[in-house]
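The values are calculated or read from the model by the stated rules, or taken from the named source; none is laboratory data. Since the structure is predicted, the reported quantities are computational estimates derived from the model, not experimental observations. Note that each Cβ is placed from the backbone with ideal geometry, even for glycine, and that neighbours are counted across all protein chains shown. The accessibility values were calculated without ligands, DNA or RNA, using every heavy atom of the protein model including side chains. Shrake-Rupley method; radii C 1.70, N 1.55, O 1.52, S 1.80 Å.
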Amino acid sequence: MSLDTRVLAKANKYALIVVDMSLGFTDPTRSPLAAECGEVIKANRVLLEGFRARGLPVLFTTVAYSSPGQARIFREKLPDLEVLQAGSGLETIDPRLERRDDEVLITKQWPSGFFRTDLHQQLQNSGVDGAVVTGLTTSGCVRATALGCLQHEYRTVVVREACGDRDMDAHAANLKDLNTKYVDVLSLEETLNHVF
């Protein structure tokens, strides 16, 4: 028995949520959490160009810790997170994405961009009913943020080429699972046609 994986209806207006494309996840020379992700950067640049040209909302998330009590159990489980200290520079969005000063930056401590942040309010203020989710990592913060979009009733697209993971098996499995049960996983080309 196969599950229905039809594409959801199109939203009226989409925001682009770029998840954790910070140096802590994109620069393997500086962080144990990072992997080479040049192709993911390229796909995100295409999406950013399209959203910016149309004046559609663009939001970024990053992870940074400023006190030992923040996400204590998560950090115990994944000690490599300790490198993501506020002020380390690893919370900086990768310069290749050329984040603009007027683009919202959400600092978070847990996987979901929604948990204990104002992301939902920011999306509401932008008047959107849909979200395109990209970034790092597919099996972690991208998945958690995409599920948060679903749970807040946004029609959600995850862009296959614009996400990445250090574990490619986990990347593929999570994209399949997200598409089967929760959101639409589309190619970059399909996303551009669907959203614009």
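Taking label positions 7 Å along the Cα-Cβ direction at both SER67 and ASP177, the computed distance is 3.3 nm, reported to one decimal. Return the label of the correct value of Cα extents along the principal axes in Å, as calculated from the structure shown, out of [x] 43, 43, 30; [y] 59, 38, 37; [z] 62, 34, 33. Correct label is [x].
Excluding ligands, DNA and RNA, the accessible surface per residue across the chain is 49 Å² with a 1.4 Å probe. Put a dot 7 Å past the Cα of SER126, heading toward its Cβ, do the same for GLU82, and the two dots end up 3.5 nm apart.
Can you pull the percent of the chain's accessible area that's carbon plus sulfur, 1.4 Å probe, other chains left in place? The C+S portion of the solvent-accessible surface of the chain is 49 percent. Ranked by the mean number of other Cβ atoms within 10 Å of their residues, highest first, the peptides 16-29, 75-88, 43-56, 145-158 come out as 16-29, 145-158, 43-56, 75-88. Between the helical axis of 168-181 and the longest alpha-carbon principal axis of the chain there is an angle of about 40 degrees. Among DSSP beta bridges lying fully in segment 1-147, give the percent that are antiparallel, nearest 5. In segment 1-147, approximately 5 percent of DSSP beta bridges are antiparallel ones.
Applied to segment 104-114, the Karplus parametrisation 6.51 cos²θ - 1.76 cosθ + 1.60 on θ = phi - 60° returns per-residue 3J(HN,Hα) values of 4, 10, 9, 9, 10, 10, 10, x, 6, x, 8 Hz, with x for Gly and Pro.
Rounded, prolate or oblate: which fits segment 1-76 when a ≥ b ≥ c are the square roots of the eigenvalues of the alpha-carbon gyration tensor, with rounded for a/c under 1.5 and prolate only if a/b beats b/c? Prolate is the answer for segment 1-76, as a/c is 1.5 or above and a/b outweighs b/c.
Pull out a ≥ b ≥ c, the square roots of the eigenvalues of the alpha-carbon gyration tensor of segment 72-180, then state rounded if a/c is under 1.5, prolate if not and a/b is larger than b/c, and oblate in the remaining case. Taking the square roots of the gyration eigenvalues as a ≥ b ≥ c, segment 72-180 is rounded.
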